[in-house]
Amino acid sequence: MATKQDMAELDRLETGSNFPSLEAVGYNIKRDPGGPGICAFILTLFSFLLILATFPLSLCFSVKVVQEYERAVIFRLGRLLKGGARGPGIFFIVPCIDTYRKIDLRTVSFDVPPQEILSRDSVTVAVDAVVYYRVQNPTIAVSNVENFSHSTRLLAATTLRNVLGTKNLAEILSERETISHTMQSSLDEATDPWGVKVERVEIKDVRLPVQLQRAMAAEAEAAREARAKVIAAEGEQKASHALREAAEIISESPGALQLRYLQTLNTISAEKNSTIIFPLPIDILKHFLKPDKKEKKEMR
């Protein structure tokens, strides 16, 4: 025995619609068992007679065209017609009793207004985002929600505040991609009953207060200065070790000092400098220096 869902799918295949019927996607249609009634029958008959009486002028009002990226959802006397949305191409309506609404299936993008958000570590930031969505089922988008575009915009702003409220400032600044995926999943799940598919969410900008920016800049500058001082101290330490080893090597060989002196003169002459440096042994200057108190005591 066939179920209601099987019958709905068979009805969709027979009508040739590109979209699943409302029953197939879980939308319950409450149909009147008694039919549209005698008034609807009379209005329908009168409309067809009017079309025949004004033919071919009535074709201007009966023949409609939708583009490749559009679909038309038709209501007859307030009831949704079978077969789902019409299009693309030509379709016919009865002017007096039919109304239709065009739905654009292209991807739509909009900016989420900047939201003042208090992060988990009590920092106030202003965050704005971009949301990309498209209508997946035009029949459900018209029947289940009054204005799917406005509703999606409001839901995106609310979801942005809810998701970022659970993150601290460091996570907001460094984990933008993760936050975007979380928002996209949450929005897609919420807009699925509306026939809307959220394709992508991107965090566009995160603006911090001016005082917080100055504090972070001062902290970063202080950290860089501390690292620079540590690096300079390490360089001085390594240089002092190298100089001590060089002095020990030169002290072991008297000729090494003379070779070093000649190398220094060669370097100075290569720069076309007229200054000549003569090394003066420190031992000679000891005789001209005043003796210290300890030396006086020894002399006594």
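The values are calculated or read from the model by the stated rules, or taken from the named source; none is laboratory data. Just so we're clear, the structure is a prediction, and the values are computed from it rather than from any experiment. Here the Cβ positions follow ideal geometry from the backbone for every residue, glycine too, while neighbour counts run over all protein chains shown. Accessible surface is based on the protein model in full, side chains and every heavy atom, while ligands, DNA and RNA are left aside. Shrake-Rupley method; radii C 1.70, N 1.55, O 1.52, S 1.80 Å.
Tabulated data for the structure shown
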item: Extreme residue, surrounded by the most Cβ atoms within 10 Å (Cβ to Cβ), among residues of the range 185-199 that are over 13 Å from VAL135 (Cβ atoms) and of a type in the set (Ser, Thr, Tyr); result: SER186
item: Single residue of the range 190-204 satisfying the filter (part of a strand (DSSP E or B) and in contact with a Ser or Thr (Cβ under 7 Å, 6 or more places away or on another chain)) that is farthest from ASP104 (Cα to Cα); result: ILE203
item: Of all residues in the range 90-113 being over 30 Å from ALA53 (Cβ atoms) and among the acidic types (Asp, Glu), the one that is most open to solvent (accessible area, probe 1.4 Å); result: ASP111
item: All positions within the range 56-74 that are under 11 Å from LEU105 (Cα atoms) and surrounded by 11 or more Cβ atoms within 10 Å (Cβ to Cβ); result: GLN67, TYR69, GLU70, ARG71, ALA72
item: So THR152, is it surrounded by 15 or more Cβ atoms within 10 Å (Cβ to Cβ), modelled with pLDDT of 90 or more and within 22 Å of the chain's Cα centre (by Cα); result: yes
item: Test for ARG176: is it under 30 Å from LEU212 (Cβ atoms) and open to solvent by 20 Å² or more (accessible area, probe 1.4 Å); result: yes
item: When residues of the range 75-89 are limited to those that are modelled with pLDDT of 85 or more and farther than 26 Å from THR54 by Cα, the one surrounded by the fewest Cβ atoms within 10 Å (Cβ to Cβ); result: PRO88
item: Pairs with Cβ under 8 Å, 6+ apart, first in the range 234-262 and open to solvent by less than 100 Å² (accessible area, probe 1.4 Å), second of a type in the set (D, E, K, R); result: ILE250/ARG260
